[in-house]
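Participant: Sharing a structure below in structure tokens format, with a few things to ask.
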Amino acid sequence: MASHPDTKIDCSKVYVKKSNFSNEQTGDFDGAFAAVAMKAGDLIEKGVVRRLPDGFDGNTCPYIFTWSKERPNKIWGMASGCAPFYNTCKEGTSNTKMVRDFENDTFEIFAVRDIEKDEELLHTYISLKWRTCFAELNEIVHKEDEEKKV
């Protein structure tokens, strides 16, 4: 079924299940997956973000989004659809890119390369390197970089 042309939220090309990155060390967690094959440049998902109240500390909660260009960040948001389930990866290795519209509190996620049906969808979190709730995740993602320095 095609989504309504006026919808602000469409995640019909995505589904959520246990992530391929789940293991004994990390425990089980979910990931977003391609429900259909997509070409580079295709719109995968679009949605809205609801801003969280002033004073909310997003450094302690990994399930919300950095919602400004300001650093240190003081604006946090909760995203619609499947967006909260996209896992992260090292810069330059993701298969998606999130385009944020901070003024209208919306986002679009695009394929940066061809994506196969049932492939896990990944993007690099813009706050991966500095949010305290991502410190351990950042170490895991950049472990190879640290090993090369030694």
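The values are calculated or read from the model by the stated rules, or taken from the named source; none is laboratory data. From a predicted model like this one, the values you see are computed outputs, not experimental measurements. Cβ atoms come from the backbone with ideal geometry, glycine included; neighbour counts cover every protein chain shown. Note: accessible area is taken over every heavy atom of the protein model, side chains too, but ligands, DNA and RNA are not part of it. Shrake-Rupley method; radii C 1.70, N 1.55, O 1.52, S 1.80 Å.
Participant: Say we look at region 36-57 and pick out the residues that are more than 15 Å from the chain's Cα centre (by Cα) and not in a loop (DSSP other than H, G, I, E, B); which of these is surrounded by the most Cβ atoms within 10 Å (Cβ to Cβ)?
Facilitator: Met38
Participant: Taking region 22-52 as the region of interest, how many residues are under 14 Å from Cys11 (Cα atoms) and of a type in the set (D, E, K, R)?
Facilitator: Going through region 22-52 one residue at a time, the tally reaches 3.
Participant: What tally of residues in region 1-35 results from selecting those that are open to solvent by less than 60 Å² (accessible area, probe 1.4 Å), within 15 Å of Gly47 (Cβ to Cβ) and in a loop (DSSP other than H, G, I, E, B)?
Facilitator: 3
Participant: Being open to solvent by less than 20 Å² (accessible area, probe 1.4 Å) and either on the phi < 0 side of the Ramachandran plot or assigned to a loop (DSSP other than H, G, I, E, B) (or both) narrows it down to one of Ser68, Ser94, so name that one.
Facilitator: Answer to the selection: Ser68.
Participant: Within region 19-33, can you find the residues that are within 15 Å of the chain's Cα centre (by Cα) and under 16 Å from Tyr63 (Cα atoms)?
Facilitator: Ser19, Phe29, Asp30, Gly31, Ala32
Participant: Ok, one more. Within region 71-82, restricting attention to residues that are part of a loop (DSSP other than H, G, I, E, B) and open to solvent by less than 60 Å² (accessible area, probe 1.4 Å), which residue is modelled with the lowest pLDDT?
Facilitator: Asn73
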